[in-house]
Amino acid sequence: MAAFVQTADGQRIAYERTAGEHPVLLVHGFATTGALTWEATGWVRALAEAGRGAIVVDLRGHGQSSGPHDADGYSPSILAGDLLAVLDAEGLGQVDVIAYSMGSYAAIALAQGAPECVRRLVVGGIGTEEQFSRWGVDVVRAELLEPGDPWTEVADSPIGPLLASLRQAPGLDREALAACVSGMASHPLALYSPVPTMLVVGEADPVTQGRDEAARMLGAELVVVPKRNHVTTLSARAFKQAALPFLDAVSSS
């Protein structure tokens, strides 16, 4: 059952904590939920088998969390503040973090703003370009807000991976998602990480263009998962086989 924490701007952030030592904070991407991203793809189970707990968050505007319909309510640093509120509510001073796609920007912002709270960081599904800006904020917003089924038009387009979860995620607030698009695109995040970091990308994922440069900027170890795209990378065994030992390593910092 979800727990909730209220943010300073009045949003309710939903999350679930599973049993296990040294819980890992799991941060999903755009237009999906924590459960769809991390439970349905076997991540929570894999962590449990490794003896570790999980904190599965629904970002603002997603899942069971509330979300403003104003773009000013979204940015990487705002999402990072929500994550920090969850950690505070759980009494956790420092955690490992795994994040994917848009969630990677929130996790990087968390590491930048509160490096003492992040021991090790795994981010996935990003390159050097923020995708909402790359493909056009107005285009993505139109696909969200215009009536009808957007999948027929975008399924084979470059923005298809950004919207691929929309048919699955229950109870979507499209006004909140559109505001999220505008807010995130208006606040580009510098790619650097003050903590040990791994970047995982799918070999066939167009969203991760510039992956080598992104890894260099983050000071990250780069892992490329063969033959996987933006959606299928999440469930890949190779992703877990790379990330879990990385998190178990003893940091030298």
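Of I13, A185, L145, which is farthest towards the positive pole of region 3-248's charge dipole, taken about the Cα centre with +1 and -1 on the beta-carbons of Lys, Arg and Asp, Glu respectively?
I13
Over the chain, what lengths in whole Å, largest first, do the semi-axes of the equivalent ellipsoid take, defined as the square roots of 5 times the eigenvalues of the alpha-carbon gyration tensor?
25, 21, 17
Which residue, chosen from P206, V57, L234, occupies the Cα position most advanced towards the positive end of the dipole of region 3-248, where the dipole is computed from +1 (Lys, Arg) and -1 (Asp, Glu) charges on Cβ about the Cα centre?
Sorting the options by dipole projection puts first L234.
For G136, what residues show an amide H to amide H distance below 5 Å, using hydrogens built from the backbone and excluding near sequence neighbours?
none
Just the number, please: percent antiparallel of the DSSP beta bridges in region 3-248, rounded to the nearest 5.
Among the beta bridges of region 3-248, antiparallel pairing accounts for roughly 25 percent.
Between L25, L172, L199, find the one with the highest GNM mean-square fluctuation for the chain; connect C-alpha pairs within less than 10 Å.
Evaluated over the chain, the most mobile residue of the options is L172.
Which ³J(HN,Hα) values in Hz, rounded to whole numbers, follow from the phi angles of region 200-206 under the Karplus curve 6.51 cos²θ - 1.76 cosθ + 1.60, where θ = phi - 60° and Gly and Pro get x?
10, 9, x, 4, 9, 9, x
Which Cα, out of L92, V44, L79, lies furthest along the positive dipole direction of region 23-117 (beta carbon charges, K/R +1, D/E -1)?
Towards the positive end, the residue furthest out is V44.
Quick one: grab Rg to one decimal and Dmax as a whole number for region 1-130, Cα atoms only, in Å.
For region 1-130, the Cα radius of gyration and maximum Cα-Cα distance read 13.3, 41 Å.
Given R₀ = 35 Å, FRET efficiency for D138-A8 by Cβ-Cβ distance, to 0.05?
Computed FRET efficiency for D138 and A8 comes out at 0.70.
Step through the residues of region 183-189 one at a time and calculate ³J(HN,Hα) from phi using the Karplus curve (6.51 cos²θ - 1.76 cosθ + 1.60, θ = phi - 60°), rounding each to whole Hz and writing x for Gly and Pro.
x, 5, 5, 7, 10, x, 10
List the residues, sorted by chain then number, that are 5 or more residues from L59 or on another chain and whose placed amide H is less than 5 Å from its amide H.
Under 5 Å from the amide H of L59: H28, G34.
Report ³J(HN,Hα) in whole Hz for each residue of region 107-124, in order, from the Karplus equation J = 6.51 cos²θ - 1.76 cosθ + 1.60 where θ = phi - 60°; Gly and Pro get x.
Once θ is set to phi - 60°, the couplings for region 107-124 become 5, 5, 4, 5, 5, 5, x, 9, x, 5, 8, 10, 7, 9, 10, 10, 10, x Hz.
Under the rule of at least 5 residues apart or a separate chain, name every residue whose amide H is placed under 5 Å from the amide H of V95.
When sequence neighbours closer than 5 places are left aside, the close amide H contacts are V118, R119.
Could you pull the Cα extents of region 1-70 along its three principal axes, largest to smallest, in whole Å?
The Cα atoms of region 1-70 stretch 40, 21, 16 Å along their principal axes.
Read the figures in this text as sums done on the coordinates, not as results from a lab. Note that the structure is a prediction, hence the values are computed from the model and not measured. Using ideal geometry, Cβ is built from the backbone for each residue, glycine included, and neighbour counts are taken over all protein chains shown.
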